[in-house]
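Data block below; observations after.
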Amino acid sequence: MDNLFLLQTVLEAEGYDVELADNGQAALTKVQSSPPDLILLDVMMPDMNGYEVTQRIRQNPEVPYIPILLVTAYEEPKVVEGLNSGANDFIRKPIDFDELLARVRAFLCLREGVQVD
């Protein structure tokens, strides 16, 4: 929860609206009821991992396409597994917040068809 709070604080300070989920099922429920513009998803979560959540989001025809950025503490993330599950990219912990914000801006611009400055 400390990591979630820190991510929320940084993103909200940049003007983003942030919704939190503390486990995979809660994330799936939130995505289904109110699809966000971007998903930051921790690989290690209670009840199901980030790869499983990503795969379920991608398999749900009722959910529009949403960029998914997996957050991992793994030294060597399972890049192939993550990409095959439908993730768009990875970011490693400890999080470099400048890198995170740059990726968030880039994915949101791509989603909206806006050129990144």
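Select from region 5-19 the residues that are at pLDDT 95 or above and not β-branched (V, I, T) and write down the one among them that is surrounded by the most Cβ atoms within 10 Å (Cβ to Cβ).
My answer is L11.
Specify which of the listed residues (A13, A21, A26) is in contact with a helix residue (DSSP H, G or I) (Cβ under 8 Å, 6 or more places away or on another chain) and among the small types (G, A, S).
After ruling out the rest, the residue left standing is A21.
Looking only at residues in region 23-53 that are farther than 13 Å from I68 by Cβ and of a type in the set (D, E, K, R), which one is surrounded by the most Cβ atoms within 10 Å (Cβ to Cβ)?
Here the residue is K30.
Looking only at residues in region 41-84 that are modelled with pLDDT under 90 and of a type in the set (G, A, S), which one is farthest from the chain's Cα centre (by Cα)?
A73
Being of a type in the set (A, V, I, L, M, F, W, C), at pLDDT 95 or above and over 23 Å from E99 (Cβ atoms) is true for just one of L38, L28. Which residue is that?
L28
The values are calculated or read from the model by the stated rules, or taken from the named source; none is laboratory data. Small disclaimer: the values here were computed from a predicted structure and weren't measured. Note that each Cβ is placed from the backbone with ideal geometry, even for glycine, and that neighbours are counted across all protein chains shown.
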